[in-house]
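Visitor: Sharing a structure below in structure tokens format, with a few things to ask.
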Amino acid sequence: MNAPLYNKDILRLAASIPHHARLPQPQASVEKRSPVCGSRIIADVQMADGRVADIGLDVKACALGQASASLMAAQAIGMSADELADARDRLTAYLTGDSEDLDFWPGLAVLAPARGYPARHASIRLGFEAIAEAARLADA
């Protein structure tokens with residue numbers, strides 16, 4: 001691998017997570033944990049007309065998990081639960097080697113060096129999994 005696992009772009013994303021505060025009255029909240037490293041993300045969601053209207057996050061994760069949550073949170077508002085589930089599934093497919101596509105979500109290429117580190121995949125998926133599930137529950 002030519003790119004370092006932790007670089008300035010990942011660290012910058014990790015330090016600037018949007019919507020990094022819990023919502024006072026979410027329609028749904030989901031907590032996801034990585035059993036491998038102990039990373040944890042709680043996602044709160046408000047939906048309107050079948051789309052994410054607001055999100056709030058509590059992120060306690062490694063830099064890769066924080067960077068991934070930052071990328072997810074930057075684009076999630078305005079998306080449907082189905083669109084978020086599709087992004088979650090496509091990220092998983094990329095990390096496991098079942099797909100080469102990272103163009104489905106802006107900025108994900110910064111996480112490409114982590115693909116070769118399966119122990120980091122669960123943390124990287126946390127934000128995508130938590131927000132997708134919270135949106136599904138809030139939209140039900």
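Visitor: Please list, in order along the range 93-102, the HN-Hα scalar couplings obtained from phi with the Karplus expression 6.51 cos²θ - 1.76 cosθ + 1.60 (θ = phi - 60°), rounded to whole Hz, x for Gly and Pro.
Guide: Using θ = phi - 60°, the values come out as 4, 5, 5, 7, x, 7, 8, 9, 7, 10 Hz.
Visitor: Using a basic spin-label model with each label point 7 Å from the Cα along Cα→Cβ, how many nm lie between THR92 and TYR6?
Guide: 2.8 nm
Visitor: Sort the range 90-131 into rounded, prolate or oblate with this rule: let a ≥ b ≥ c be the square roots of the eigenvalues of the Cα gyration tensor; rounded if a/c is under 1.5, and if a/c is not under 1.5, prolate when a/b is larger than b/c, oblate otherwise. If you can, show how the numbers build up before the last one.
Guide: Values: a/c = 1.38, a/b = 1.03, b/c = 1.34.
Cα axes put the range 90-131 in the rounded bin.
Visitor: Cα axis of helix 63-76 to longest principal axis of the chain: angle in degrees, 0 to 90, nearest 10?
Guide: In the chain, helix 63-76 runs at an angle near 40 degrees to the longest axis.
Visitor: Also, I was wondering about something else. Express in nm, to one decimal, how much length is gained between GLN75 and PHE104 on full extension, taking 0.36 nm for each residue of separation and deducting their alpha carbon distance.
Guide: Computed gain between GLN75 and PHE104 is 9.3 nm.
Visitor: Please compute the per residue accessible area over the range 17-76 with all protein chains in place, 1.4 Å probe, rounded to a whole number of Å².
Guide: The answer is 43 Å² per residue.
Visitor: Taking a ≥ b ≥ c as the square roots of the Cα gyration tensor eigenvalues, with a/c under 1.5 meaning rounded and otherwise prolate when a/b beats b/c, else oblate, which class fits the range 1-132?
Guide: prolate
Visitor: Tell me the per residue accessible area of the range 77-140 using a 1.4 Å probe; a whole number in Å² is fine.
Guide: Value returned for the range 77-140: 44 Å² of accessible area per residue.
Visitor: A follow-up question, please. Mind ranking 64-70, 37-43, 79-85, 115-121 by how tightly packed they are, going by the mean number of other C-beta atoms within 10 angstrom, highest first?
Guide: On the way: 64-70: 27.6, 37-43: 21.3, 79-85: 18.7, 115-121: 15.3.
For the peptides 64-70, 37-43, 79-85, 115-121, the packing ranking is 64-70, 37-43, 79-85, 115-121.
Visitor: Ignoring ligands, DNA and RNA, please state the percent of accessible area on the chain from carbon and sulfur, probe 1.4 Å.
Guide: 48 percent
The values are calculated or read from the model by the stated rules, or taken from the named source; none is laboratory data. The model shown is predicted, which means the values in this text are computed figures rather than measured ones. Positions of Cβ are backbone-derived with ideal geometry, glycine not excepted, and every protein chain shown enters the neighbour counts. Protein only, heavy atoms only, side chains kept; ligands, DNA and RNA dropped before computing areas. Shrake-Rupley method; radii C 1.70, N 1.55, O 1.52, S 1.80 Å.
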